[in-house]
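Each reported figure results from applying straightforward, stated rules to the coordinates on display, with no laboratory input. In this text, all values refer to a predicted model and were calculated from it rather than measured experimentally. Reconstructed Cβ throughout: ideal geometry from the backbone, glycine too, with neighbour counts over all protein chains shown.
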Amino acid sequence: MAELLLYQKPVRLNRFAHAALRYTPPADYMFCRALTAVPLMAVEFPAACRQYPIVFVQAADGTVGAHAILSLQAEDNAFVDRQGRWTATYVPAFVRRYPFVLAEVPGNSDDFEVAIDEASPSFSQDYGQALFSPQGEPEPILQSQVEFLQAVQREHRRTLQFVEALRGAELLISRNVDVVRADKGRFGVRNALVVDETKLQALPAATVHQFLTAGYLGWIYAHLLSLQCFLPLANRAGQPLEDVIPWWAK
């Protein structure tokens, strides 16, 4: 499940069971060193499109979501260096929310509870900031995380609506992406879904107006612009020589 890519031991946060739990923000990004793609919300497209290719991916259950491509090599995030630093200026919200996440309440798909990755070293009973007060109320550090997760969930719903609009207008097509960089290194992505520009230009005026008022056109063009990031991403693979990377891609 894409939503739990990073989570080794997800558990629901409980003010009684976790009364003494303390939190320290992750010191680095080594926890996602092997990630090659992450789910992306449409509201992130304008910031993310300058550094990551953004494509749409169909899951086994038929649902379609947007993803930022982080690497063209298996288990090697091109944006996390050996010291665990994120080397791009924008870090996707999917990464920033870790080790917290919202978990669906059983029997109620519209309600969510806060969950954590209990395996994360960010949690301890010996050091860090308390998550709960002695009265069992969320401390400011936890409250800020909850507010961020709620914002992410709202934008996730908007992204689902956006993707359904693209599908309804039959704008998504499957495409194989092949990249050959200056040193002849070859990289590729198979069966990525992208917006068909020809179909986009032929949309009825009513649909264009609908997309414009919903903010979808900006997101679509950010996605299309992001496809130019495949070559810079390939240039990051395998730590190539300096002369392989053009000045504008560094």
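Treating only the Cβ of Lys, Arg, Asp and Glu as charged (+1, +1, -1, -1), what charge dipole size does the stretch 2-249 show about its Cα centre? Round to the nearest 20 debye.
Details: 21 positive and 26 negative charges, 91 e Å.
Charge dipole, the stretch 2-249, about its Cα centre: 440 debye, nearest 20.
Whose amide H sits under 5 Å from the amide H of Val55, counting only residues 5 or more places off or on another chain, with H placed in the peptide plane?
His67, Ile69
Quick one: give the max-minus-min coordinate of the C-alpha atoms of the stretch 93-204 along each principal axis, largest first, in Å.
Reported extents, whole Å, longest axis first: 60, 44, 23.
Rounded to the nearest 0.05, what FRET efficiency do Gln153 and Leu212 have when you use their Cβ-Cβ distance and R0 = 30 Å?
Result of the calculation: an efficiency of 0.70.
Can you pull out the GluC sites (Glu not before Pro) in the stretch 12-111 whose DSSP state is coil and whose Cβ has at most 11 other Cβ atoms within 10 Å? Before the final figure, lay out each step's value.
Details: sites: Glu44, Glu75, Glu104; in loops: Glu75.
When the GluC sites (Glu not before Pro) of the stretch 12-111 are filtered for loop state and at most 11 Cβ neighbours within 10 Å, Glu75 remain.
Using the 10 angstrom Cβ neighbour count as an exposure proxy, how do Lys9, Lys199 rank, fewest first? Write out the running numbers ahead of the final one.
Details: Lys9 10, Lys199 13.
Starting with the residue having the fewest Cβ neighbours, the order is Lys9, Lys199.
Among Ile220, Ile116, Ile141, which comes first, second and so on when ranked by fewest other beta-carbon atoms within 10 Å? Mind showing how you got there, number by number?
Numbers: Ile220 20, Ile116 25, Ile141 15.
So the residues, fewest neighbours to most, are Ile141, Ile220, Ile116.
What's the long-distance tail for the stretch 2-249, i.e. % of Cα pairs beyond 32 Å?
On the way: 9233 of 30628 pairs.
Result for the distance tail: 30 percent.
If you take the beta carbon distance between Arg15 and Asn191 as r and set R0 to 45 Å, what does 1/(1 + (r/R0)^6) give as a FRET efficiency, to the nearest 0.05? Can you show the working numbers first?
Details: r = 44 Å, r/R0 = 0.99.
Rounded to the nearest 0.05, the efficiency is 0.50.
Starting at the first residue of the stretch 178-185, write each ³J(HN,Hα) from the Karplus equation 6.51 cos²θ - 1.76 cosθ + 1.60 with θ = phi - 60°, in whole Hz, x for Gly and Pro.
10, 10, 10, 8, 4, 8, 6, x
Can you give the FRET efficiency to the nearest 0.05 for Gln201 and Gln83, using r as the Cβ-Cβ distance and R₀ = 35 Å?
Details: r = 45 Å, r/R0 = 1.30.
Computed FRET efficiency for Gln201 and Gln83: 0.15.
What helices in the chain pass both tests, a Cα length along the helix axis of 30 Å or more and a mean Kyte hydropathy of 0.5 or higher, using whole DSSP H runs? Don't jump to the answer; show the numbers that get you there.
Details: long enough: 140-168 (42 Å, -0.39).
TM-like helix candidates: nothing returned.
With springs connecting C-alpha atoms under 10 Å apart, model the chain as a Gaussian network and identify which of Phe132, Phe31, Phe16 has the largest mean-square fluctuation.
Among Phe132, Phe31, Phe16, the largest GNM mean-square fluctuation belongs to Phe16.
Please arrange Glu170, Glu197 by how many other C-beta atoms lie within 10 Å of their C-beta, fewest to most. Don't skip to the answer; put the middle values down first.
Numbers: Glu170 10, Glu197 13.
So the residues, fewest neighbours to most, are Glu170, Glu197.
Using each residue's phi in the stretch 81-89, evaluate 6.51 cos²θ - 1.76 cosθ + 1.60 at θ = phi - 60° and report the 3J(HN,Hα) Karplus result to the nearest Hz, with x for Gly and Pro.
7, 5, 8, x, 8, 7, 9, 10, 6
Check which residues have an amide H placed less than 5 Å from Ala37's amide H, if you skip close sequence neighbours.
Those qualifying (amide H under 5 Å, at least 5 residues apart or on another chain) are Leu70.
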